[in-house]
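Working notes for the structure below.
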Amino acid sequence: MGSLGAILKHPVDIYPLLKLRMAAKHAEKQIPPEPHWAFCYSMLHRVSRSFALVIQQLGTELRNAVCIFYLVLRALDTVEDDTSIPTDVKVPILIAFHRHIYDRDWHFSCGTKDYKVLMDQFHNVSTAFLELGKGYQEAIEDITKKMGAGMAKFILKEVESIDDYDEYCHYVAGLVGLGLSKLFHASGLEDLAPDSLSNSMGLFLQKTNIIRDYLEDINEIPKSRMFWPREIWSKYVNKLEDLKYEENSVKAVQCLNDMVTNALIHMDDTLKYLSELRDPAIFRFCAIPQIMAIGTLAMCYNNVDVFRGVVKMRRGLTAQVIHQTKTMADVYGAYFDFSCMLKSKVDNSDPNAIKTLSRLEAAQKSCRESGALNKRKSYIIRNEPRYIPVLGGPFLELSVCIWMVTGYTSDCSIPWKMLFLYLCTTL
C-alpha cells in the first residue's frame, strides 16, 4: 500500500489501493498445489507482482500458458541481461533456449536474487511447459526461438540507428506481443491479430521501460547496458553515459523528450489492437499495461529525474488504473488524460516539440472520435482536496493508520477490514 503521506495527499487512491491489496491476497491463495506449478506461480509473484495480479484476469488454461510463456522469456532475458557471462557462452545458450524448455533436467546458473532461483530451478518451468496443450507449446517455442536469435544478434552489435532500435525492441518485446496473440488465438477466445499491431503492443511497453530504466542500465556492473539508439543520443552528447551528468541536464532532457516522442508513434496501433479484443478478461490483461505505459511516459517526459533515479507512477495511481480499466471507454479516457498531462509539459522551445504535439494530438483525436470520453472517470482531478472533507482529516488519518498497522503489516481481522472498506466506500 502507498505511504501515509501519499494517501492523505491523494485520498481518491484509498479505495483502489485497498482493492489492489485484497486482489494480491487473493492471487497468493490461488497458487496450485502441484510442486512445479506452485514454483511457477510463486516465482511469478516474486519477479513481477504487477504481472501476477493482471494475469489473474485470465481463465485457468490460458493463465497457465501465459504464466509459463512469461517465465520462459524472463529466464531468457536473465541470460541476456547478465553482463558477467562471456559472449562465447551466452550466445549459444540464447540460440538454443527454445530446445532447453523441453528438457526437464536443464538449468543454467546466472542472474541474481529471485532470477537466480528461477534459473537454478528452471526444471520446474520445463515440467509445467510440457503439461500445456500442443498449440500453446508450439507458440511458446516459436517465439522463444526467434527472441533468442534476436538477442544473440544484438549481443554482437550495438543499437546504432532508429531502425536498429525498432528491430531490437521487436526481438525482446514485439515478439511477446505476437506470442500473446498466438496464445489468445490458441485458446479459441480471440481471432489472430495482425502482426503489425501485436508488434506495436510490445514496442510501446519496451520503449517505455528503456526510457524509464536509463540510469539502472547505464550503471550496470560490470558493463553498461545501452539501448538508447546512437542516432538519437548523438544529437545531444558525445557518449550515452554523459546524459547522467548534471552539467548536461538541458541536453539530457531534450534527448529524453526525443526518446518519448519516438515511443508515442505506437499509440494508435495499441488502441486499434485493444478495440478488436472480444474477451473481457483478455482485454483487461492487455489494456492495463498499455495504460501504465502512457502514464509512465507522461511522468518521464521533460523530467530530469530520469537521470537521477527511478521515475514511475505512484502506487495509488497504478491501483486506480487496475480498478477502473474494464472497457474500451476506460482506455480511451486514460489515453486522453495522460496525453493531456504529457502535452501540458511540452515546451515549445524543445527541438522535437512540433513532432511530439502532432503525435499526441493524433492519439487524442482517436480518443475523441470514439465518443467514449464522457463515459469514464478522469485520472486528472483538478483542485483535488488534500483530505477527505467528510468526517474531517483526523478521522481519515486514524482510519488509514488502523489499516496500515493491522492490515498492511499483518493479516488483520475481518472486522477491521470491513470497517475500513466501509469508510472507503462511504466517505
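Where a number appears in this text, it was derived from the coordinates with a stated rule and is not lab data. Keep in mind the model is a prediction, meaning the values are calculated, not measured. As a convention, Cβ positions derive from the backbone with ideal geometry for all residues, glycine included, and neighbour counts pool all protein chains shown.
Simple spin-label model, 7 Å along Cα-to-Cβ: Glu131 to Asn219 in nm?
So the two model labels end up 4.1 nm from each other.
Under the 0.36 nm per residue contour assumption, what length would be gained going from the current alpha-carbon distance of Asp195 and Asp305 to full extension?
Here the answer is 36.1 nm.
Peptides 166-174, 99-107: what's the order by average Cβ count within 10 Å, highest mean first?
Ranking, from highest mean packing down: 166-174, 99-107.
Which distance in nm do the two modelled labels at Met22 and Gln121 give, with both placed 7 Å along the Cα-to-Cβ direction?
Label-label distance for Met22 and Gln121, simple model: 3.1 nm.
Expressed in nm to one decimal, what extension gain is obtained for the pair Tyr102 and Ala149 from 0.36 nm per residue of sequence separation less their Cα-Cα distance?
Numbers: separation 47, 0.36 × 47 = 16.92 nm, distance 1.76 nm.
Result: 15.2 nm gained on full extension.
Within segment 194-210, list the residues whose amide N lies under 20 Å from a label point set 7 Å along Cα→Cβ of Glu369.
194, 196-198, 200-201
Which of the trypsin sites (Lys or Arg not before Pro) across segment 126-194 are loop residues per DSSP, with 12 or fewer other Cβ within 10 Å?
Qualifying residues, ordered by number: Lys157.
Over 26 Å between Cα atoms, which of Lys223/Lys251; Lys235/Lys343; Lys113/Lys326; Lys146/Lys251; Lys9/Lys312; Lys251/Lys345 qualify? Could the numbers behind the result be given before it?
Working: Lys223/Lys251 24 Å; Lys235/Lys343 23 Å; Lys113/Lys326 35 Å; Lys146/Lys251 36 Å; Lys9/Lys312 17 Å; Lys251/Lys345 16 Å.
Over 26 Å apart, Cα to Cα: Lys113/Lys326; Lys146/Lys251.
Given R₀ = 30 Å, FRET efficiency for Ser249-Arg49 by Cβ-Cβ distance, to 0.05?
It comes out at approximately 0.35.
Cα to Cα, under 16 Å, and not fewer than 8 places away if on the same chain: which aspartates and glutamates meet these conditions relative to Lys182?
Cross-link targets: Glu61, Glu138, Glu141, Asp142, Glu190, Asp191, Asp195, Glu276, Asp279.
Give me the dipole magnitude in Debye, nearest 20, for segment 23-157 about the Cα centre, with unit charges on the beta carbon: positive for Lys and Arg, negative for Asp and Glu.
300
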